[in-house]
């Protein structure tokens with residue numbers, strides 16, 4: 001099992017070149033282009049949640065700016 | 001000239017396939033079928049790019065850049081643009097990496113080798129053609145090139161198809177088409193996994209059986225290209241004479257039946273495969289040196305390989 | 001490792017190939033979209049505590065995104081909240097809960113310019129209720145490294161709120177705040193990307209709740225939050241995990257941890273399932289007073305606290321120490337190439353016993369909220 005893992009990992013390297021962290025080549029970024037892999041949280045769904053949490057919890061935001069306020073209790 | 005049609009088929013696997021003829025072979029672009037109109041738009045973009053490159057560099061077209069350069073060989077300079085100069089730069093690198101075996105000016109040997117007539121040329125004929133070979137002798141200045149002797153010629157047949165596959169893939173990736181592949185007559189560039197995340201299963205052709213495969217490999221990215229002795233050849237005196245010619249002797253190579261290489265780009269995979277064919281027995285050490293996964297079948301039918309993952313099937317016919 | 005394993009020959013060919021034009025996709029991380037989208041969504045939210053139906057909210061909204069000339073993208077949202085129900089005047093007291101009926105209209109616009117090595121986004125937000133008005137502006141930017149594996153993010157924002165409660169507790173009160181954000185996103189492997197960001201908010205003005213008894217909060221608030229996110233894609237299943245963690249600390253003395261995990265799993269025929277879990281816990285604000293009422297006067301009067309000097313004080317449940325858990329499930333479906341729809345169900349529960357730090361905040365009823373979101377979108 002361990003040997004299989006090591007072999008599989010070693011054999012992957014030349015192709016995916018998972019060389020060292022952070023040196024991902026442009027042609028390896030297919031997966032990273034998926035919307036679910038992005039940090040862009042400008043989705044309406046996220047906004048509803050943020051709004052609900054900000055009206056029920058003290059900490060709000062922190063990862064974006066300029067959200068604006070409301071008088072929601 | 002009538003533009004050949006593109007045929008469109010749907011797989012039950014959430015894929016849509018666009019088949020077309022280009023670069024003297026059957027080609028196919030496969031994309032995720034979620035958005036039909038968009039897939040068609042993307043495929044058309046990619047096919048247009050393949051056709052652009054074919055048009056610009058085909059040695060069969062009198063108006064191509066390559067034909068212009070060859071026509072004025074030994075006579076005059078021909079202007080070339082940045083893309084053409086970049087391809088010359090790549091040809092320089094292949095010449096250096098192969099010790100002069102990969103020479104884009106060795107196509108003149110085709111004048112002696114007639115694969116239809118199945119005729120073995122005379123030593124004298126090859127000797128006179130060899131004098132016209134020598135990529136390093138081409139005179140180059142910024143924006144123009146001149147081949148020094150009348151009769152010399154160059155072509156990008158050794159990597160043009162792979163270059164087109166990578167350019168088409170880059171266009172598709174720029175449009176976020178991340179599931180799919182570009183297959184130009186067997187040279188395959190994978191954009192990313194299948195829509196369900198699983199890898200593509202690519203078959204490697206059996207060099208002695210046009211309809212059989214010798215191995216299946218699973219690939220989620222990068223490119224697979226094969227160079228083999230089966231594309232154009234004839235047999236005489238009990239040996240096979242193929243279209244891959246050693247520029248030093250003018251004779252066909254005969255050590256490898258086929259060499260398949262997996263690399264990040266199709267152009268790199270294809271160039272490595274061709275260099276190995278040309279290096280013959282020394283090709284094995286070269287292949288091992290590249291560190292890339294490969295599958296090579298030698299003159300005896302023995303497989304040499306470095307796997308990227310367990311190869312599913314390895315039965316030799 | 002792969003790079004050093006390759007000999008100069010192998011690397012030479014690849015490097016020469018990379019010198020060719022057009023072989024690498026350009027500016028893909030930040031490419032302007034080439035299609036427009038419009039969608040309508042509705043949120044139905046219901047909140048309750050034992051023996052009290054608290055508020056119900058219906059929020060229809062319109063979302064849109066469209067590329068403008070060249071590298072510009074405009075996206076925005078218009079939302080109307082229709083709120084009705086009851087809210088406790090102090091702690092989670094049922095008797096005397098204030099009944100309310102409120103309508104909020106809000107708009108949010110973002111104009112984004114995609115650049116060769118990043119982007120700049122200008123944002124404006126406006127929210128209006130009969131007793132509260134807020135206007136906010138922001139500018140955010142990203143800068144990509146040459147290999148696009150590292151992205152720096154920055155942002156500055158400001159908001160100006162005006163408060164005129166219907167009970168006339170105060171008049172023409174204001175709250176002004178400014179926030180700043182600095183972060184970095186890093187591609188770690190072909191299937192991992194992480195982001196770390198630090199956000200700082202400072203504000204002054206009227207932070208109290210005019211409808212709550214004795215509510216008198218500091219007129220200044222500063223919050224620092226550190227957020228870490230990690231997205232990982234599983235090639236085997238085709239699913240993606242989105243993990244996030246936030247630590248925040250503010251001048252009210254509230255510290256909080258938030259941890260969230262969302263798993264996006266595309267399945268066949270355009271269906272995608274997204275279950276999600278979130279846990280939040282906070283300590284109590286220094287001026288939050290537990291429901292420890294005066295033995296003679298009874299609630300809402302507190303034992304041992306003289307109200308004569310109008311002390312900084314709040315009996316708001318939101319400022320107590322508690323823990324909260326959200327369980328969510330979302331189903332989305334690409335109906336046709338142009339149309340898509342989604343449905344989300346969520347349950348949120350807040351209990352003081354679920355806190356992991358901070359002093360005890362006893363005597364509060366748990367708060368439960370359920371919401372359902374439906375959306376339909378068209379792209380062209």
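For residue A:45, the stated conditions do not hold, so it cannot be described as modelled with pLDDT under 70, surrounded by fewer than 18 Cβ atoms within 10 Å (Cβ to Cβ) and at the interface with another protein chain (Cβ under 8 Å from one of its Cβ atoms). Filter the range C:160-176 down to the residues that are surrounded by 15 or more Cβ atoms within 10 Å (Cβ to Cβ) and without any contact (Cβ under 8 Å) to a residue 40 or more places away in the chain, then identify the one that is nearest to residue C:119 (Cα to Cα). My answer is C:160.
For the range C:356-377, filtered to residues that are farther than 16 Å from residue C:292 by Cβ and at pLDDT below 85, the residue that is farthest from the other protein chains (Cβ to nearest Cβ) is C:357.
Of all the residues in the range B:101-127, those that are at negative phi and outside any helix (DSSP H, G or I) number 15.
Could you say whether any residue in the range C:342-350 is touching a helix residue (DSSP H, G or I) at 6+ places or on another chain (Cβ under 6 Å), in a strand (DSSP E or B) and within 19 Å of residue A:50 (Cβ to Cβ)?
Initially, the range C:342-350 is screened for residues touching a helix residue (DSSP H, G or I) at 6+ places or on another chain (Cβ under 6 Å), giving none.
No, there is no match, as no residue in the range C:342-350 is touching a helix residue (DSSP H, G or I) at 6+ places or on another chain (Cβ under 6 Å), in a strand (DSSP E or B) and within 19 Å of residue A:50 (Cβ to Cβ).
Being more than 28 Å from residue C:213 (Cα to Cα), out of contact with any strand residue (DSSP E or B) (no Cβ under 9 Å at 6 or more places or on another chain), surrounded by fewer than 18 Cβ atoms within 10 Å (Cβ to Cβ) and at pLDDT below 80 is a description that applies to residue C:3.
You will find that of B:189, B:201, the residue that is within 14 Å of chain C (Cβ to nearest Cβ), within 24 Å of the chain's Cα centre (by Cα) and part of a strand (DSSP E or B) is B:189 and no other. If the condition is being more than 9 Å from chain A (Cβ to nearest Cβ) and in contact (Cβ under 8 Å) with a residue 24 or more places away in the chain, then the range C:241-256 contributes C:251, C:253. Among residues of the range A:55-73 that are within 16 Å of residue C:247 (Cβ to Cβ) and within 7 Å of chain C (Cβ to nearest Cβ), those with a beta-carbon under 7 Å from a residue that is in a loop (DSSP other than H, G, I, E, B) and modelled with pLDDT of 80 or more at least six positions away or on a different chain give the pairs A:58/C:252; A:58/C:254; A:58/C:285; A:59/C:254. Among the residues of the range B:281-302, those identified as surrounded by 17 or more Cβ atoms within 10 Å (Cβ to Cβ) and closer than 18 Å to residue B:203 by Cβ are B:293, B:294, B:295, B:296, B:297.
Apart from one condition, residue C:361 fits all of (1) outside any strand (DSSP E or B); (2) farther than 24 Å from residue C:48 by Cβ; (3) in contact with a strand residue (DSSP E or B) (Cβ under 7 Å, 6 or more places away or on another chain); the exception is (2). The set of residues in the range B:168-177 that are in contact (Cβ under 8 Å) with a residue 24 or more places away in the chain and either surrounded by fewer than 24 Cβ atoms within 10 Å (Cβ to Cβ) or farther than 18 Å from residue B:226 by Cβ (or both) comprises B:168, B:171, B:172, B:175, B:177. Say we look at the range C:222-240 and pick out the residues that are in a strand (DSSP E or B) and surrounded by fewer than 20 Cβ atoms within 10 Å (Cβ to Cβ); which of these is farthest from the other protein chains (Cβ to nearest Cβ)? The residue in question is C:222.
A quick yes/no check of all residues on (1) under 30 Å from residue C:220 (Cα atoms); (2) surrounded by 16 or more Cβ atoms within 10 Å (Cβ to Cβ); (3) within 25 Å of the chain's Cα centre (by Cα):
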residue	(1), (2), (3)
C:318	yes, yes, yes
C:328	no, yes, yes
C:334	no, yes, no
C:342	no, yes, yes
C:350	yes, yes, yes
C:356	yes, no, yes
C:362	yes, no, no
C:371	no, yes, yes
C:377	no, yes, yes
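Of all the listed residues (B:108, B:75), the sole one being surrounded by 19 or more Cβ atoms within 10 Å (Cβ to Cβ) and more than 17 Å from the chain's Cα centre (by Cα) is B:108.
The residues listed here are B:211, B:226; of these, the one that is within 15 Å of the chain's Cα centre (by Cα), at pLDDT 85 or above and either part of a strand (DSSP E or B) or within 14 Å of chain C (Cβ to nearest Cβ) (or both) is B:226.
The values are calculated or read from the model by the stated rules, or taken from the named source; none is laboratory data. Predicted model, so just to flag it, every value in this text is computed and none were measured. All Cβ positions, even for glycine, are placed from backbone atoms using ideal geometry, and neighbour counts span all protein chains on display.
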